[in-house]
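Presented below is the structure to which this report refers.
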C-alpha cells in the first residue's frame with residue numbers, strides 16, 4: 001500500500017452536537033452558502049449507510065490484513081458520520097425546512113438504484129459489487145477534496161459562521177482526509193480496472209452535481225424566510241471566489257488528478273492537518289473524554 005508512513009489507525013469517534021443555538025442561516029446573511037453546505041445533511045446519511053452496506057459485502061474479498069483493518073475503521077467512521085448528519089434534520093424541521101421530499105429521492109437512489117440486485121451468485125453479482133466499490137472510491141475522492149477545503153476555509157470563520165456547525169463539518173472533513181486512501185486502495189486491491197475507474201467516476205460526478213444543485217434549490221425554494229429563494233451556478237461560482245464555498249476551478253482541476261493512471265489519494269490533502277484538527281475539535285475532545 002502506498003504512503004504507509006502516512007497511515008494512522010482509524011477509529012470512530014462517538015461525537016455529539018447540540019443544535020439549540022444554531023440559527024437557520026448559520027453563515028450570517030448568506031442563505032445560499034448555508035443551504036449549499038446543508039445539502040450534506042441530506043445526502044450523507046443515506047450515502048454513508050450505503051458505503052457501510054457495500055463494504056460489509058466486500059470484506060471476504062480482502063486478502064491484506066492491514067487493508068482489512070483500515071476498511072473496518074472506515075466502516076466505523078462512516079457510520080458515525082451518517083448518524084451525526086442525521087441528527088441535524090430534526091433541527092431543520094423545527095426551523096420550517098422539512099427535508100423529507102428530498103431525502104426520499106436520495107434514499108431511493110442508494111437503496112434501490114445502487115442497492116443489492118437479485119443476481120445469481122457468480123460473475124454478475126461480483127461485477128455489480130466491484131462496480132459499487134469503484135463508485136465509492138470516486139465519491140471518496142470528492143469527500144476528501146471537500147474535507148481538505150473545509151479545514152482551510154477561514155473565510156467561514158471571518159464571516160461568523162456558527163461554531164457548532166463548523167465543528168461538525170471540520171470533524172467530518174478531517175476524518176475524510178484521515179481515511180482518504182482506504183476506498184481507493186480497496187478498489188485497487190479487489191479490482192483496479194482502469195476503464196471501470198473512469199466509467200464510475202463519470203457516474204459519481206454526474207450524480208453528485210445533479211443531487212447537489214437539486215438540494216440547494218430545494219432548500220432555497222422552501223426556506224420560510226426567503227420570498228424568492230433561488231440557487232444558480234453563478235451564486236456558487238461567486239462564493240467560490242469569496243472562499244465561503246469551494247472554488248469551481250479547484251473542483252475541475254481535481255478531475256484529471258483522479259483520472260491519472262498514477263493517482264493515489266495520499267497526494268491530496270494533509271494527514272497532519274487532519275490529525276491536528278481532530279486533536280482540537282470540541283466534539284472530538286468531548287468524545288475522547290466520554291470514551292475514557
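Quick note: the coordinates plus some simple rules give every number you see, no bench work behind them. It should be emphasised that the depicted structure is a prediction, and the values quoted were computed from it without experimental measurement. Every residue, glycine as well, gets a Cβ built from its backbone with ideal geometry; the counts of neighbours run over all protein chains shown.
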Checklist entry - Taking the mean number of other Cβ atoms within 10 Å as a proxy for protection, how do you rank 252-260, 148-156, 53-61 from highest to lowest? => result 148-156, 53-61, 252-260
Item to check | Label-zone membership for the range 195-214, site residue 119, 7 angstrom Cα→C-beta point, backbone N under 18 Å | outcome: 195-204
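Which order, highest average first, do 11-18, 80-87 follow once you tally other Cβ atoms within 10 Å for each residue and take the mean per peptide? List each step's numbers first, then the result.
Values: 11-18: 16.8, 80-87: 19.5.
Those peptides, ordered most packed to least, come out 80-87, 11-18.
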Item to check | In degrees, nearest ten, helix 233-242 long axis to first principal axis of the chain (Cα) | outcome: 90 degrees
Checklist entry - To the nearest 10 degrees, how steep is helix 163-178 against the longest Cα principal axis of the chain, on a 0 to 90 scale? => result 20 degrees
Checklist entry - Peptides 128-139, 194-205: what's the order by average Cβ count within 10 Å, highest mean first? => result 128-139, 194-205
Next on the checklist: Between 0 and 90 degrees, rounded to the nearest ten: what's the tilt of helix 31-58 against the longest Cα principal axis of the chain?
Outcome noted: 20 degrees
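Taking 0.36 nm per intervening residue step and subtracting the Cα-Cα distance, what contour gain separates residue 95 from residue 233 on full extension?
Numbers: separation 138, 0.36 × 138 = 49.68 nm, distance 2.56 nm.
Here the segment from residue 95 to residue 233 would lengthen by 47.1 nm.
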Checklist entry - How long, wide and thick is the chain, going by the Cα atoms along their three principal axes, in whole angstroms, largest first? => result 54, 41, 34
Checklist entry - Which FRET efficiency value, to the nearest 0.05, do you get for residue 21 and residue 280 by plugging their Cβ-Cβ distance into 1/(1 + (r/R0)^6) with R0 = 22 Å? => result 0.60
Item to check | residue 194-residue 241 FRET efficiency (beta carbon distance; Förster radius 30 Å; 0.05 resolution) | outcome: 0.30
Checklist entry - Any idea how far the Cα center of the range 33-99 sits from the one of the range 134-170, in Å? => result 14 Å
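Taking 0.36 nm per residue of separation and subtracting the Cα-Cα distance, what length does fully extending residue 270 through residue 252 add?
Values: separation 18, 0.36 × 18 = 6.48 nm, distance 1.98 nm.
Using 0.36 nm per residue and subtracting the Cα-Cα distance, I get 4.5 nm.
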